[in-house]
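Comments concern the structure below.
The values are calculated or read from the model by the stated rules, or taken from the named source; none is laboratory data. All figures in this text were calculated on a predicted structure; none of them were measured in a lab. Heads up, the Cβs are rebuilt from the backbone with ideal geometry, glycines too, and the neighbour counts pull from every protein chain shown. Heads up: the accessible areas ignore ligands, DNA and RNA and are worked out on the full protein's heavy atoms, side chains in. Shrake-Rupley method; radii C 1.70, N 1.55, O 1.52, S 1.80 Å.
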Number of protein chains: 4
Amino acid sequence: MCRWLAYSGSPVLLQDLLYKPENSLVVQSRHSRLGVETINGDGFGVGWYGALEEPGIYHSTEPAWNDRNLRELSAHASAGRVFAHIRASTGTAVQQTNCHPFRHRSWLWMHNGSITDFTVLKRDLILAVDPALYTEIEGSTDSELFFFLALTFGLEEDPPEAVARAVGLIEETGRRHGIEHPIQMTVATTDGTTTWAFRYSSVGKSRSLFHSTDISTLRLQYPDNPVLHELSNDARLVVSEPLGDLRGAWREVPESTCLVVHGGREELREFSPTHALG
Amino acid sequence: MCRWLAYSGSPVLLQDLLYKPENSLVVQSRHSRLGVETINGDGFGVGWYGALEEPGIYHSTEPAWNDRNLRELSAHASAGRVFAHIRASTGTAVQQTNCHPFRHRSWLWMHNGSITDFTVLKRDLILAVDPALYTEIEGSTDSELFFFLALTFGLEEDPPEAVARAVGLIEETGRRHGIEHPIQMTVATTDGTTTWAFRYSSVGKSRSLFHSTDISTLRLQYPDNPVLHELSNDARLVVSEPLGDLRGAWREVPESTCLVVHGGREELREFSPTHALG
Amino acid sequence: MCRWLAYSGSPVLLQDLLYKPENSLVVQSRHSRLGVETINGDGFGVGWYGALEEPGIYHSTEPAWNDRNLRELSAHASAGRVFAHIRASTGTAVQQTNCHPFRHRSWLWMHNGSITDFTVLKRDLILAVDPALYTEIEGSTDSELFFFLALTFGLEEDPPEAVARAVGLIEETGRRHGIEHPIQMTVATTDGTTTWAFRYSSVGKSRSLFHSTDISTLRLQYPDNPVLHELSNDARLVVSEPLGDLRGAWREVPESTCLVVHGGREELREFSPTHALG
Amino acid sequence: MCRWLAYSGSPVLLQDLLYKPENSLVVQSRHSRLGVETINGDGFGVGWYGALEEPGIYHSTEPAWNDRNLRELSAHASAGRVFAHIRASTGTAVQQTNCHPFRHRSWLWMHNGSITDFTVLKRDLILAVDPALYTEIEGSTDSELFFFLALTFGLEEDPPEAVARAVGLIEETGRRHGIEHPIQMTVATTDGTTTWAFRYSSVGKSRSLFHSTDISTLRLQYPDNPVLHELSNDARLVVSEPLGDLRGAWREVPESTCLVVHGGREELREFSPTHALG
């Protein structure tokens, strides 16, 4: 499986997100605390929104802990919205086109989890992708295909509904093939302005997902923590696992939930797949 | 486009094929004489038949001229049947899963050329692949998909007919999309015992293809050439371009031809696509 | 050998330097017009000065034309001072630690050319490096060692004199070993504020080097060229070969010359090695 | 730190050594049981003696568990003498020239451990390398330099004495710089006929090292274990950690010991550094 983080708020250097926290994503790449696998060394990726509407992407097949270019980029690029992902392959090749986050126009998408028995389901799912979008698929992972299903179902117009329909299709397709629990997922997606994060699994026991709590309250509780005072009030993190041990800084996202982060506001909504067949 | 060679005969060290000739494949990777592109630096691959029925494959995304592991492998591995390919990408990603030769069980396949407007045709062609084979597709190239179409049409039973049907399907699909000349190709495929090489293009002006002539005759003409005396009588090479300037050593494969090499015999057959729609 | 460019002026996106010009550095990586080698596919590097005093560096062993991360970085990073270099190895390994530009604190260094018979001279030259600097050497190239010799001789205080002494030492060392023409070089170095570029060779026939002429004059001559109107008056480029065919835009740097670029002023000084032994 | 194995005996496929054992080297690359680090993902290397006197080498910077070419090579190459090494970098770059085993003519060398404060000692140690050998050093690790010190002191004539002198020099150099415990090592070296393995550390608590016991005795104890029956009587393994849980199959090499394996005979000798200064 994988680990990821989604940041939004005042512009920060990428290194402040990727390297500095006690349990940073680069630390997690060697020693994940909550992941199914402790090692996430099968490539990684970062997406960041700079001056352009389309985010920049850096994908690498090296373990994150070894990548010197990531260190350089992270020391120089700052952004007010950052997606980062470390990968533990569930079987598909370790290559840049299989690294998250995936991009379509100004949208980013990353996924932790898997589609069960993906080789069995892949062809049926590919057929469901809008032919106009199909040729943009570059890699071979379940995660990228899942993204293109969500795009097909209108991700750019109504993300929660599009994801619900994509998950519904995956579950129906899986069950048609006799797979009891077809999907396991935490997903984050953004258009550059709002972040939607989903925690769901067919089996009802999903991968871990946390979001940071209100920064201004935390500042009052921890007047001596300089990190908290550098961030803007609307800064928010959504993460596979907490970046450190600060009590009260992290709140678990409940099962079957969509978390919407826009500016300094977060909203939790129930999430359930939309099944075409009722 | 690309360059390739297919060897069969007495076991030779890979380096004798890849490095030693005056215009070896590694030399061609920097300075192809007859290719559309002079540089073929977008990865390469070697397939060789050793002790097992299934051939070994070495794929790399580095330019062949820089790869130290290829040099080492080539100095130590010898085989009586070798496929080697240097790639000049026509747009798809430079990654190992896009390197030739592609493998299915004991079969190898490599291609020089392209399917025109592949992004337009890809989805229709993918749908024609046998679903049971579909999940083996790992990369994103036209060449690998072409291989799986040929497998779908019975490559393992009747290679010339299967390739004819695959090419026919590609041409029909292309023309349905308004593409005048849908395919350009030289292809080599083998089951480890026989090699089939094809030269064809919809436009009737195909990429270059040559085969070596009878070794025993050449030995008589060139009594002082030690290379020729080390090879067995049945040694044969099929190549995108001659490996050297020895006059009389190379014969061009005609347009629209299938060359079959088995043991020391070669046979030229007319090749034309089989169009389902007549 | 190699190709490089050094830019200073108003902040520009890296892609405007690396991809957009007709004969851009990425174009040159496949088809250099003036280089000893037409292909410079043995890795590349970019150094850029962002918000920090220490420049960022991106080094890659892939051919520049294939690197997707370079494309992404170049679309998002802008800088008022950029060094970029494409490499054609003269024998040492293709690895990130052998990619230019090399960095020491806020300084960058890049080199086109070579130290003749470097394997013969290397040990003597290594011994001349300040032991306090020695452990910073990470790669195995003549170019990096040349940088550390210049640092040893005071590059950070008086660049022309330090380079003159480094070249003098290389020539003396070479001649002691019977090498007639020990060095061939164009070099660029910067502290982030001034750029020094050198053209010199022991044989008196040095690699090509050009600098852009006064931008404001060019604007008057070419009122319709938008590129020229986006650059600040003090923008300057020093390049191994012109980035396009605009007549009058490029002036050759003479043999045995040090070009100093600071703000919008350039100064040409004679350059000759300082030989310790007179 | 690192993990390694040295095999000698009847020819075996590399995959039988690298992938098949329960705690194989590839398994250890993710989950070492006895190493200082549980992950050894900073590249790896294999050296094998084929038909030539000079062994072949395959070096990769990828984690061993991801390398598809290693899987292919291992399925096809067999050898009667194999060195394999997985690396956990102690600071130097992850690049092929830093991967073990290192080679000089027909000799291989690999090392687990480190020279303490290597950056402090490096220059003094480099100066001690025979100038005629010096230019062969390609990488930047302590391990490769250690090899060249041993070569300088006559490794090819008397391995135990050459290693003793190299270790003595490292200890003397370290102590001159105030380093209490300058070296930590298990080392294996071979000329293709005999293997010498060393376990030593200045502090007297060395990295783990084991060797397999007499195969014929084991066969009697485990009549039903097919693996043991395929190996020749003289097959021997020296390993950083046991490849499985078979009781009685592994014997720890004592502290400060040189193990010599030649044919089916092993000999344990006391090892202590030779200090030039008494």
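Within region B:102-114, the residues that satisfy the criterion of being open to solvent by less than 10 Å² (accessible area, probe 1.4 Å) and in contact (Cβ under 8 Å) with a residue 60 or more places away in the chain are B:Leu108, B:Trp109, B:Met110, B:His111, B:Asn112, B:Gly113.
Which ones in region D:62-71 are part of a loop (DSSP other than H, G, I, E, B) and surrounded by fewer than 24 Cβ atoms within 10 Å (Cβ to Cβ)? Scanning region D:62-71 gives D:Glu62, D:Asp67.
For region D:40-57, the set of residues classified as surrounded by fewer than 23 Cβ atoms within 10 Å (Cβ to Cβ) and farther than 18 Å from D:Thr189 by Cβ consists of D:Gly50, D:Ala51, D:Leu52, listed by residue number.
Entry remark, region C:1-17: residues being hydrophobic (A, V, I, L, M, F, W, C) and more than 12 Å from C:Val239 (Cα to Cα) number 4 in total.
Applying the condition of being open to solvent by less than 20 Å² (accessible area, probe 1.4 Å) and under 18 Å from A:Leu268 (Cα atoms) to region A:213-240 and asking which residue is farthest from the chain's Cα centre (by Cα) yields A:Ile215.
For the condition under 30 Å from D:Ala128 (Cα atoms) and more than 17 Å from the chain's Cα centre (by Cα), C:Leu145 does not qualify. Scan region D:214-231 and tell me whether some residue there is within 26 Å of C:Ala132 (Cα to Cα), assigned to a loop (DSSP other than H, G, I, E, B) and away from every other protein chain (no Cβ under 14 Å). Looking for residues that are within 26 Å of C:Ala132 (Cα to Cα), assigned to a loop (DSSP other than H, G, I, E, B) and away from every other protein chain (no Cβ under 14 Å), one finds none in region D:214-231, hence no. On the stretch given as region A:62-71, residues that are facing chain C (nearest Cβ under 8 Å) and in contact with a Lys or Arg (Cβ under 6 Å, 6 or more places away or on another chain) total 0. For region C:158-189, a residue qualifies if it is within 19 Å of the chain's Cα centre (by Cα) and free of Cβ contacts under 8 Å to residues at least 24 places away in the same chain, and the qualifying residues are C:Asp158, C:Ala162, C:Ala166. State whether the residues of region C:8-28 include one that is within 22 Å of A:His59 (Cβ to Cβ), crowded, with 24+ Cβ neighbours inside 10 Å and over 16 Å from the mean Cα position of the chain (by Cα). Scanning region C:8-28, I find no residue that is within 22 Å of A:His59 (Cβ to Cβ), crowded, with 24+ Cβ neighbours inside 10 Å and over 16 Å from the mean Cα position of the chain (by Cα), so the answer is no. Within region C:117-145, residues that are under 17 Å from D:Thr92 (Cα atoms) and facing chain D (nearest Cβ under 9 Å) sit with their Cβ atoms under 9 Å from residues that are among the acidic types (Asp, Glu) and open to solvent by less than 50 Å² (accessible area, probe 1.4 Å), at 6+ positions apart or across chains, in these pairs: C:Ile137/C:Glu144; C:Glu138/C:Glu144. Would you be able to say whether some residue in region D:101-115 is within 14 Å of chain B (Cβ to nearest Cβ), in a loop (DSSP other than H, G, I, E, B), out of contact with any Leu (no Cβ under 7 Å at 6 or more places or on another chain) and among the small types (Gly, Ala, Ser)? Yes, region D:101-115 contains a residue that is within 14 Å of chain B (Cβ to nearest Cβ), in a loop (DSSP other than H, G, I, E, B), out of contact with any Leu (no Cβ under 7 Å at 6 or more places or on another chain) and among the small types (Gly, Ala, Ser).
Tell me whether region D:32-46 contains one or more residues that are modelled with pLDDT of 85 or more and of a type in the set (Ser, Thr, Tyr). Checking region D:32-46: not a single residue is modelled with pLDDT of 85 or more and of a type in the set (Ser, Thr, Tyr).
Just give me the residues in region D:37-61 being part of a loop (DSSP other than H, G, I, E, B) and either facing another protein chain (nearest Cβ under 7 Å) or free of Cβ contacts under 8 Å to residues at least 24 places away in the same chain (or both), in sequence order. Across region D:37-61, the qualifying residues are D:Thr38, D:Ile39, D:Gly41, D:Asp42, D:Gly50, D:Ala51, D:Leu52.
Here is a yes/no grid of residues against (1) away from chain D (no Cβ under 12 Å); (2) open to solvent by less than 10 Å² (accessible area, probe 1.4 Å); (3) in a loop (DSSP other than H, G, I, E, B):
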{"residue": "B:Leu73", "(1), (2), (3)": "no, no, no"}
{"residue": "B:Ala79", "(1), (2), (3)": "no, yes, no"}
{"residue": "B:Ile86", "(1), (2), (3)": "yes, yes, no"}
{"residue": "B:Thr90", "(1), (2), (3)": "yes, no, yes"}
{"residue": "B:Val94", "(1), (2), (3)": "yes, no, yes"}
